[in-house]
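Read the structure below first, then the notes.
What follows is calculated from the coordinates using simple rules that are stated; it is not laboratory data. This is a predicted model, so every value here is computed, not measured. So basically every Cβ, Gly included, is an ideal-geometry build from the backbone, and we count neighbours across all protein chains shown.
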Number of protein chains: 4
Amino acid sequence: MFKTSVTIEWGDCDEAGIVFYPNYFYWMDCSFQRLLRARGLSQREVRKRFGAVTPITQAHADFTAPARYDDALDITVSVTLEGERRFRVDYDFHSGGKRVGSGHEIRAFALIGADGAIKGAPVNPEFMSILTPAT
Amino acid sequence: MFKTSVTIEWGDCDEAGIVFYPNYFYWMDCSFQRLLRARGLSQREVRKRFGAVTPITQAHADFTAPARYDDALDITVSVTLEGERRFRVDYDFHSGGKRVGSGHEIRAFALIGADGAIKGAPVNPEFMSILTPAT
Amino acid sequence: MFKTSVTIEWGDCDEAGIVFYPNYFYWMDCSFQRLLRARGLSQREVRKRFGAVTPITQAHADFTAPARYDDALDITVSVTLEGERRFRVDYDFHSGGKRVGSGHEIRAFALIGADGAIKGAPVNPEFMSILTPAT
Amino acid sequence: MFKTSVTIEWGDCDEAGIVFYPNYFYWMDCSFQRLLRARGLSQREVRKRFGAVTPITQAHADFTAPARYDDALDITVSVTLEGERRFRVDYDFHSGGKRVGSGHEIRAFALIGADGAIKGAPVNPEFMSILTPAT
């Protein structure tokens, strides 16, 4: 499990004074990138080391309580295999100790061919073990 | 069913040259606002006429094909009741006649009290019939 | 002079109910892309036809009146040469016939070398005449 | 002088692999909010304590070098009085010790009347001294 946090900025909120919800997906993507970075990877490194990209096939979020400008948002991230060719990234959002929402992404594992085209493939086991260390 | 469209802008795409996915949720919200507007409503009008707001409780999207800068995205929107106190807004995204994704939002119907606090309530039938005209 | 317009969306406004100002720069960039498109060009076409990109070196905006959710924003765009190697794109924003702001971008003209690196160059006269037709 | 930093996220970059420039203005606004927060203020606190808001009247940026996904951006912020009724916030952006850009905002000081309307006023000296401590 990986933890990160963001502070909700003025520009992230709408006229109702609460987070404009697409921003939660921006933070989900950011948190996944931060997880990669914390494990010594990055989109570019994944490309170089595994010849792969991880396109999103599904994104989902449930919102249970409003969050506002200046609130700190604590995010936990965990990764699990989803079938053979996909993995799922789960996110939990807490603010001031209270859960404000949760969500997930499903990402495919796709290899980049010599012509630049990408093609679905089984998730690389080494890649997977880097994202889901036994702790 | 309501139809609208957007053109995918340079700033909507990421380094991979495809739409950065949180933007789909921005377009979902925009499309709902446009539907309200096309029916003579708006967030402010909903507030005035029904004393209500429609907070998001769930958002979901499935991505089936990439869409790129300069592509026109055709969006269809349809609204259905979801239980007594919520409604669901379904979105379909097509580009060049091909489906690139779909998604939905679940929105609660909430009345604004005298103190400004909001409280879940049965979806107003008049509001619902405006969003789902028999055609 | 090129004209385009956008509708200010719910998610474009902040808690004060007015446009969160970085969005004006997003619309400036969009308007420039629309101008390119209207002239049969696009970032990709500029790259192919002129071997060039047009990186931003300066962006500026003055805000004279607030604009709000649901307002239509009418944007006029005009392009002029700025020295030998740059051009300037001016933008005017009106809403309901009233000027709400104005701004400009300065963009360099840069050729893409065989190694992919870009290098400043005199603005291609054909490119310039496409963006500034005598009318 | 106040210092803060952001990490450039995947979604902040465009197809060219560099920051989509309107994001610099988002970071400028965020940095100003962080400065307020670091001084024990916030937009809401400014409203409560000084009965004031600080609307933007001008925003400007110069871009001198590209910044990319995963780069840390170090931002310095300084505030100076600009005439009697406005103040100027200057921003410097460095990445890896190299300057990549700079910019400023000009903000008006405006009092909120009993009817909610705002009206330009001399910048409150206490507010100003909080933002520009003698060091």
**Report entry** Using a Förster distance of 35 Å, the FRET efficiency for B:R85-D:M1 (Cβ separation, nearest 0.05)
**Finding:** 0.10
Query raised in the report: Where Lys and Arg each count +1 and Asp and Glu each count -1, what net charge lies around B:G120 among other residues with Cβ under 13 Å from its Cβ?
Result: +2
Query raised in the report: If you plug each phi of the stretch B:113-124 into the Karplus form 6.51 cos²θ - 1.76 cosθ + 1.60 with θ = phi - 60°, what whole-Hz ³J(HN,Hα) values come out, in order, with x for Gly and Pro?
Result: x, 4, 8, x, 5, 9, 9, x, 8, x, 4, 4
Report task. For the stretch C:10-79 and the stretch B:59-135, write down the distance between their C-alpha centroids in whole Å. Result -> 28
Query - Whole-Hz couplings from phi, Karplus 6.51/-1.76/1.60, listed for the stretch A:84-95; x for Gly and Pro - result: 8, 10, 9, 9, 10, 10, 9, 10, 10, 10, 10, 9
Report task. Just tell me how shielded A:54-64 is by partners: mean number of partner chain Cβ atoms within 10 Å of each residue's Cβ, no decimals. Result -> 6
Query - Cα shape, the protein assembly as shown, gyration tensor, a/c 1.5 rule - result: rounded
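Using per-residue counts of other Cβ atoms within 10 Å, averaged over each peptide, order B:74-80, D:123-129 from highest down.
Highest mean packing first, the order is B:74-80, D:123-129.
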Query - Amide hydrogen neighbours beyond the local backbone of D:A67, cut-off 5 Å, H modeled - result: D:V19
Report task. Would you mind giving the mean number of other chain beta-carbons within 10 Å of the Cβ of each residue in B:70-77, as a whole number? Result -> 1
Query raised in the report: Once both labels are modelled 7 Å past Cα along the beta-carbon direction, what's the D:R39-D:A117 spacing in nm?
Result: 2.9
Report task. Sum -39500 (n - 2.57) across every DSSP H segment of at least 4 residues in the protein assembly as shown, then divide by the residue count to get the 222 nm mean residue ellipticity, nearest 500. Result -> -7000 deg cm²/dmol
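What percent do you get for the relative contact order of chain A when only Cα pairs under 8 Å and 6+ apart count? Please report the intermediate quantities before stating the final value.
Details: 247 pairs, mean separation 36.8, N = 135.
Result for chain A is 27 percent.
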Report summary line: Once phi for every residue in the stretch C:102-110 is put through the Karplus expression 6.51 cos²θ - 1.76 cosθ + 1.60 (θ = phi - 60°), the whole-Hz ³J(HN,Hα) values, with Gly and Pro written as x, are 8, x, 8, 10, 10, 10, 8, 9, 9
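Let me know the mean shielding of B:4-13 by other chains, meaning the per-residue number of their Cβ atoms within 10 Å of its Cβ. Walk me through the numbers before you get to the answer.
On the way: counts 0, 0, 0, 4, 0, 9, 12, 14, 6, 6.
Counting other chains' Cβ atoms within 10 Å and averaging over B:4-13 gives 5.
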Query raised in the report: With charges only on Cβ, +1 for K and R and -1 for D and E, what is the dipole size of the protein assembly as shown about its Cα centre, in debye, rounded to 20?
Result: 0
Query raised in the report: Can you tell which of A:P66, A:F127, A:G51 lies farthest toward the positive end of the dipole of the stretch A:28-135, using +1 and -1 charges on the Cβ of basic and acidic side chains (Lys, Arg; Asp, Glu)?
Result: A:G51
Query raised in the report: What's the local net charge at D:F109, with K and R +1, D and E -1, over the other residues with C-beta under 11 Å away?
Result: +2
Query raised in the report: If amide H atoms are built 1.01 Å from N in the plane of the peptide, which residues on other chains or at least 5 residues away come under 5 Å of the amide H of D:L41?
Result: none
Report task. Please list, in chain and number order, the residues 5+ apart from B:Q58 or on another chain whose amide H is under 5 Å from its amide H, with Hs placed from the backbone. Result -> A:F63, B:I106
Requested in this report: Tell me the label-point distance for the pair A:K48, B:R47, using the 7 Å Cα-to-Cβ offset, in nm and rounded to one decimal.
Outcome: 5.0
